[in-house]
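A short reminder: the numbers here are calculations on the coordinates, not readings from a lab. As the structure is a computational prediction, the values presented were derived from the model and not from experiment. With ideal geometry, Cβ positions are generated from the backbone for all residues, glycine too; neighbour counts draw on all protein chains shown.
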C-alpha cells in the first residue's frame, strides 16, 4: 500500500500569487501526473479500490510519486512540481533519471518513460497510456508542449501540496480509522478517508478529508471535509475557520484558498486546522444523527 513520505516540518506560506491564477499550471500538472500513472496501470496489479493508481507526496524531492514497481531494478516514477519534471527513482528513493517536461509533449515523455521502464527490466510492450477515467482537457492532451513559463505558479502549487501533506499526514497519524494519505490521479486531490467505528447493523459511514488544487467546483485550491452518506443540507451546523458548506452536487465543508491566504504562515495553518477540526467534529455528529 502506498504511504505518504514524511512531509515538511513547517507550513509554507501561500498567497504570493492569486489562487485563481493557478488553473493552467494545475491542469498541466494533472496531465503530467498521468504519464507517471501510466506505469502504475501498466505494471502494478489492479486493486478494486483503484489504489494501485494512487501517488504519494515525497517531501525531500517535492514530488508526487508512484508505488514501487517490481522489476530487475525496482523503480518508481513521479513528477516534481516546482519545475514540472518527470522523475525515475530507484528502490532507495534516489532520483536516477529526470526529464524536464517544459517544451516537450506527452508523446515524448511517454517514450522516455518506456525507455526507462525497459532499462529497469520491464516489458515496454505492456506500457499503456489508456486510462479508465477522464480528466479535464488541456492543449497538452492534443500534442501541445508543456510550458512552465516563469515557473512561479508551479512553485506556488508545490507549496500548497506540501502544506496539504503536512496537515493530512498528521491527521492520519493521530486519527483512529484513517487511511493512508493518497493522491488520486483522476480527481487530483490528496486525502485521507476516516472510517468511524460502527455498531452492528449500522450503515458504513466515512469522512473524507483532503485538499484539491482546484476543479470544476472551485477554480482555486481548497480544503474539504466530506461526510458520507451526505447529510441533509438543513442539518448543517456552522464551522470554525471561515469554513462553509458546499451543497451543490455533493455535500461537504470547504475552505477555498482565497478565504485564508491573507494571513502569515502561522495564521494560515491555524485557520486551516480550525476549519478541518470543526468540520470533522460536525461530520461525526451528523453521521450519528
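Computed over every Cα-Cα pair of the stretch 19-142 and binned at 5 Å starting from 0, the pair-distance distribution P(r) comes out as 2, 11, 23, 25, 21, 12, 4, 1, 0 percent. Ranked by the mean number of other Cβ atoms within 10 Å of their residues, highest first, the peptides 135-141, 111-117 come out as 111-117, 135-141. Summary of the geometry: the stretch 152-231 and the stretch 56-110, compared by the centres of their Cα atoms, lie 23 Å apart. Size check on the stretch 1-88: the Cα extents along the three principal axes, sorted descending, read 43, 28, 25 Å. Along its first, second and third principal axes, ordered by size, the stretch 110-180 spans 43, 35, 25 Å in Cα coordinates.
Quick check: from the Cα gyration tensor, does the stretch 152-288 come out rounded (a/c under 1.5), prolate or oblate? It comes out prolate by the Cα gyration axes.
As a calculated quantity, the FRET efficiency between residue 133 and residue 47 at R0 = 25 Å, using C-beta atoms, amounts to about 0.95. Say each of residue 115 and residue 247 gets a label point 7 Å from the Cα, pointing the same way as Cα to Cβ; how far apart are those two points in nm? In this crude label model, residue 115 to residue 247 measures out at 5.6 nm.
For the stretch 202-282, the ratio of Cα radius of gyration to the globular rule of thumb 2.2 N^0.38 Å stands at 1.08. Which option, [x] 6, 20, 24, 23, 17, 7, 2, 0; [y] 6, 23, 29, 24, 14, 4, 1, 0; [z] 6, 28, 34, 22, 8, 1, is the value of P(r) over Cα pairs in 10 Å bins from 0, in percent that was calculated from these coordinates? So the structure-derived entry is [z].
Computing FRET efficiency as 1/(1 + (r/R0)^6) for residue 264 and residue 108, where r is the C-beta to C-beta distance and R0 is 41 Å, gives about 0.50. Highest mean packing first, where packing is the average number of other Cβ atoms within 10 Å per residue, the peptides 89-100, 50-61 line up as 50-61, 89-100. Between residue 232 and residue 96, residue separation times 0.36 nm minus the direct Cα-Cα distance comes to 43.9 nm. Helical runs (DSSP H, four residues minimum) scored at -39500 (n - 2.57) apiece and divided by the length of the chain put the mean residue ellipticity at 222 nm at -10000 deg cm²/dmol. The gain in end-to-end length when the residue 273 to residue 126 segment is fully stretched comes to 48.6 nm, 0.36 nm per residue minus the alpha carbon separation. Annotation for residue 174 and residue 187: the two label points, set 7 Å from Cα along the Cα-Cβ direction, are 2.4 nm apart. When the Gaussian network model of the chain links Cα atoms closer than 10 Å, the mean-square fluctuations of 220, 67, 108 top out at 108.
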